[in-house]
Amino acid sequence: LSEAFQVGDRVEVYCDHERGNERVRDWLEGVVVQVDPKMIAVQFRESVYLTDGWMVPDHVLWCPKSSSQIRPSKRKARHRPRAK
């Protein structure tokens, strides 16, 4: 059985996070850091919150694999310009 997501995949999760100084519930891009039999761990650069309002200290949210709140990232990989 092939996994839908693997460690290192860029994904988007529908979650509570900060945009500017406001808290919003929207899609946010992160990276899959762990996959277990039922759950996927996604790490974000931004602060993310649990549905009960608590901030997640390590910026990692766990999502059920079958969740409709996680999808592959639609963004193209950005290439950083090389330092001269």
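The values are calculated or read from the model by the stated rules, or taken from the named source; none is laboratory data. Every value quoted in this text rests on a predicted model; they were computed, and no experiment measured them. All Cβ positions, even for glycine, are placed from backbone atoms using ideal geometry, and neighbour counts span all protein chains on display. What goes into the accessible areas is simple: the full protein's heavy atoms, side chains included, and nothing from ligands, DNA or RNA. Shrake-Rupley method; radii C 1.70, N 1.55, O 1.52, S 1.80 Å.
Please enumerate the residues belonging to region 20-63 that are open to solvent by 80 Å² or more (accessible area, probe 1.4 Å), without any contact (Cβ under 8 Å) to a residue 12 or more places away in the chain and part of a strand (DSSP E or B).
Glu22, Arg25, Met55, listed by residue number.
Would you confirm, using the coordinates I've provided, whether Gly8 is modelled with pLDDT of 95 or more and open to solvent by less than 90 Å² (accessible area, probe 1.4 Å)? Explain how you work it out, then say what you get.
Working: modelled with pLDDT of 95 or more: yes; open to solvent by less than 90 Å² (accessible area, probe 1.4 Å): yes.
So Gly8 passes the test.
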